[in-house]
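First the structure, in the form of structure tokens, and then the observations on it.
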Amino acid sequence: MAQQTPPVCNYEGSDYQTSFWEEGGRDYEDKVEAIALRRLLPVQGDLLLEVGAGAGRNTPRYKGYQRIVLLDYSLTQLQQAQARLGRGDCYIYAAADAYKLPFVNNLFDGTTMIRTLHHMADAPAALREIRRVMQPKGTFILEFANKLNLKAIARYLLGRQAWSPFTPEPVEFVELNFDFHPKTIRAWLVEVGFQVERQLTVSHFRIGLLKKLIPLKILVAMDSLAQFTGGWWQLTPSVFTRNKAVGAGDAAVDGFFRCPACGSADLREEAEALTCSACSSVWPVRDGIYDFRGVR
């Protein structure tokens with residue numbers, strides 16, 4: 001019997017890229033996130049894993065890396081990313097469960113997880129799996145939704161919100177949508193084998209009225225300056241952290257992909273599929289996208 005994993009928030013068939021980002025008035029959020037990534041990413045790298053890549057909104061921002069693996073649970077999101085970015089040798093597309101990453105140990109020297117952890121019912125398990133596939137000293141850029149933000153604090157103090165932003169546990173405000181306390185995130189990162197190197201606070205002015213009244217260029221400039229306060233306090237809805245993988249981690253394994261069903265790295269490439277020699281699981285390749293979602 002397959003080991004049960006936490007539920008997945010699946011964006012299959014969603015027009016998220018268009019409705020939320022391109023037509024949803026999120027230019028401010030997109031631009032300030034780009035600034036944070038530029039400040040945190042290494043100048044160059046070899047192989048980067050983008051967990052929760054979606055339609056590839058952030059992928060072009062990782063241009064310092066020679067190859068990028070775009071991973072998302074939704075096949076249709078990856079198809080949108082493939083249509084935007086193409087099928088060059090620098091991009092590999094994989095539909096997979098973040099709790100069962102289909103890669104061998106110590107493979108990546110870089111990983112990003114942006115606007116994705118907030119969908120994880122078992123965030124430590126997802127972080128632990130990311131550490132497994134990362135090389136020692138590799139860089140992990142994590143963004144998380146912060147429960148200790150000023151709006152949540154004000155609502156709680158005014159009696160308009162039942163849950164406390166000051167307590168350490170995550171809050172699920174909508175099904176499979178979680179906010180986290182910064183201290184809890186830092187503790188989890190250390191627990192699974194990361195050293196927190198830097199924090200940036202992002203989206204300080206994520207208020208509809210401000211976005212209407214203040215020109216976008218000025219609002220972005222203000223947020224850019226305010227991001228540097230992240231090392232002192234974290235009171236914004238979004239927090240970015242740069243983390244270094246420390247310790248040896250699990251023993252390195254030769255290869256690239258590994259079977260999510262049994263963990264074997266002995267996968268045979270066949271016509272439009274990978275077949276596991278150990279357990280005979282077959283993982284299809286759908287029009288250039290590796291599909292590892294068959295086992296939950």
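The values are calculated or read from the model by the stated rules, or taken from the named source; none is laboratory data. Keep in mind it's a predicted model, so treat the numbers as computed, not measured. Positions of Cβ are backbone-derived with ideal geometry, glycine not excepted, and every protein chain shown enters the neighbour counts.
Applying a threshold of 7 Å to beta carbon distances and a minimum spacing of six or more residues, or different chains, the list of pairs starting in the stretch 185-199 at a residue that is on the phi > 0 side of the Ramachandran plot and outside any helix (DSSP H, G or I) and ending at one that is among the aliphatic types (A, V, I, L, M) and buried (at least 17 other Cβ atoms within 10 Å of the Cβ) reads G193/A245. In summary, A83 fulfils each of the numbered conditions (1) part of a helix (DSSP H, G or I); (2) aliphatic (A, V, I, L, M); (3) touching an Asp or Glu at 6+ places or on another chain (Cβ under 9 Å) with the single exception of condition (3).
Residue-by-condition table, conditions (1) of a type outside the set (F, W, Y); (2) closer than 25 Å to T5 by Cβ:
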{"site": "K63", "(1), (2)": "yes, no"}
{"site": "L70", "(1), (2)": "yes, yes"}
{"site": "Y73", "(1), (2)": "no, yes"}
{"site": "N106", "(1), (2)": "yes, yes"}
{"site": "M113", "(1), (2)": "yes, yes"}
{"site": "L117", "(1), (2)": "yes, yes"}
{"site": "D122", "(1), (2)": "yes, yes"}
{"site": "I130", "(1), (2)": "yes, yes"}
{"site": "Q135", "(1), (2)": "yes, yes"}
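Taking each residue of the stretch 23-47 that is at pLDDT below 95 and looking for partners that are among the small types (G, A, S) and not in a strand (DSSP E or B) with beta-carbon atoms closer than 9 Å, six or more apart or interchain, yields G25/G208. Counting only residues that are surrounded by 16 or more Cβ atoms within 10 Å (Cβ to Cβ) and of a type in the set (A, V, I, L, M), the stretch 137-169 holds 6 of them. Which residues, taken from the stretch 204-242, are more than 20 Å from P165 (Cβ to Cβ) and either among the acidic types (D, E) or touching a Pro at 6+ places or on another chain (Cβ under 8 Å) (or both)? Scanning the stretch 204-242 gives a single hit, D223. Of the residues making up the stretch 239-296, those that are small (G, A, S), surrounded by fewer than 16 Cβ atoms within 10 Å (Cβ to Cβ) and either closer than 30 Å to A145 by Cα or in contact with a helix residue (DSSP H, G or I) (Cβ under 7 Å, 6 or more places away or on another chain) (or both) are G247, A248, G288, G294.
Remark: Y93 falls outside the filter, which requires a residue to be within 16 Å of the chain's Cα centre (by Cα), hydroxyl-bearing (S, T, Y), part of a helix (DSSP H, G or I) and modelled with pLDDT of 95 or more.
Between a residue in the stretch 160-176 that is without any contact (Cβ under 8 Å) to a residue 24 or more places away in the chain and any residue that is assigned to a loop (DSSP other than H, G, I, E, B), which pairs come within a Cβ distance under 6 Å, given they are 6 or more apart or on different chains? Here the result reads P165/K147; P165/L148; P168/H181, each pair linking the stretch 160-176 to a residue that is assigned to a loop (DSSP other than H, G, I, E, B). Restricting M134, M120 to residues that are over 21 Å from W283 (Cα atoms), buried (at least 18 other Cβ atoms within 10 Å of the Cβ) and out of contact with any strand residue (DSSP E or B) (no Cβ under 6 Å at 6 or more places or on another chain) narrows the list to M120. Comparison of V8, V51, V43, V69 shows that the only residue that is surrounded by fewer than 20 Cβ atoms within 10 Å (Cβ to Cβ) and under 14 Å from the mean Cα position of the chain (by Cα) is V8.
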